[in-house]
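J.: Before we start, here is the structure in question, set down as structure tokens.
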Amino acid sequence: MPASIALTPVADGPVSLAAAFDYEPRSGTVAVRYRVDNTGDVAVAVFDRGNRHAVLTGRQRSGAVGEPTFVEDVPGDVTLRHIALPLPDPAPTLPPTPLAVQLQPGASLEGEFAYAPPTQDAPRRVRWCLGVMPFDAALFDSPEEGEGVTVWQASFDTASQQQQLCTAWFDVSTRRFEAGDD
């Protein structure tokens, strides 16, 4: 792994996440490589595959890691998110149905993405949050193969049931993850 990439682990229960970040200041692009491990005894849904609307409109290939959403918590602090989002109100004609991969017990999933958040100023710190939850067959349907994985369409109810695994803050000037929680 190149020296410019910093790595941080996140674990909560049977799901763990290891993420490596890099930042390109000229373009403002954050590059993230990650691995999710399911050490539990039930399958989990991992919400890193974007939404069905992006696939249907050709902005994303089926099965590919989706473009993250983002929030600027305070000026300069940007959180990238691959999470199930609730149904917008008012609901559009073609809603952005969340997509997820089912990760079996003992299995791992690797992925990567690069994203330049369109903020007014360059970010000072960046973190990434990934939505996961136990895979409940009643909340997922229409499996589809793509990019070497099976992707499931998720109910909008998953937005309130998921757990978010968030990395530590990554300081873009030092290219290091900060210690501690805040």
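The values are calculated or read from the model by the stated rules, or taken from the named source; none is laboratory data. This one's a predicted model, so the numbers in the text were calculated from it and none came from an experiment. Every residue, glycine among them, receives a Cβ derived from its backbone with ideal geometry; neighbour counts consider all protein chains shown. Quick note on the areas: whole protein, heavy atoms, side chains included, nothing else; ligands and nucleic acids left out. Shrake-Rupley method; radii C 1.70, N 1.55, O 1.52, S 1.80 Å.
J.: Given (1) out of contact with any Leu (no Cβ under 6 Å at 6 or more places or on another chain); (2) more than 21 Å from V15 (Cα to Cα), where does E110 come up short, assuming only one miss?
T.: (2)
J.: For region 39-58, give me each residue that is farther than 14 Å from F113 by Cα and in a loop (DSSP other than H, G, I, E, B).
T.: Answer for region 39-58, where residues must be farther than 14 Å from F113 by Cα and in a loop (DSSP other than H, G, I, E, B): T39, G40, D41, V42, A43, T57, G58.
J.: Only one of these conditions is not met by V132: (1) at pLDDT 95 or above; (2) in a loop (DSSP other than H, G, I, E, B). Which number is it?
T.: V132 satisfies every listed condition except (2).
J.: Could you check, for region 46-58, whether at least one of its residues is open to solvent by less than 40 Å² (accessible area, probe 1.4 Å), within 18 Å of F177 (Cβ to Cβ), β-branched (V, I, T) and modelled with pLDDT of 95 or more?
T.: No, there is no match, as no residue in region 46-58 is open to solvent by less than 40 Å² (accessible area, probe 1.4 Å), within 18 Å of F177 (Cβ to Cβ), β-branched (V, I, T) and modelled with pLDDT of 95 or more.
J.: Across region 67-97, what is the number of residues that are under 21 Å from R127 (Cα atoms), among the hydrophobic types (A, V, I, L, M, F, W, C) and assigned to a loop (DSSP other than H, G, I, E, B)?
T.: Here the count works out to 3.
J.: Name the single residue, out of those in region 142-167 being among the acidic types (D, E) and out of contact with any strand residue (DSSP E or B) (no Cβ under 6 Å at 6 or more places or on another chain), that is most open to solvent (accessible area, probe 1.4 Å).
T.: Checking each candidate, the answer is E145.
J.: Restricting the search to region 111-130, which residues are out of contact with any Ser or Thr (no Cβ under 8 Å at 6 or more places or on another chain) and either closer than 21 Å to A154 by Cβ or open to solvent by less than 60 Å² (accessible area, probe 1.4 Å) (or both)?
T.: Across region 111-130, the qualifying residues are G111, F113, P117, T119, P123, R125, L130.
J.: Considering A100, A64, which residue is over 19 Å from C166 (Cα atoms), open to solvent by less than 60 Å² (accessible area, probe 1.4 Å) and either touching a residue at least 40 places away in the same chain (Cβ under 8 Å) or not in a helix (DSSP H, G or I) (or both)?
T.: A64
J.: Then there is this: Looking at this structure, is D22 in contact (Cβ under 8 Å) with a residue 60 or more places away in the chain, open to solvent by 20 Å² or more (accessible area, probe 1.4 Å) and not in a strand (DSSP E or B)?
T.: Answer is no for this residue.
J.: Further question on the same structure: Give the residues of region 87-103 that are of a type outside the set (S, T, N, Q) and under 17 Å from L130 (Cβ atoms), sorted by residue number.
T.: P98, L99, A100, V101, L103
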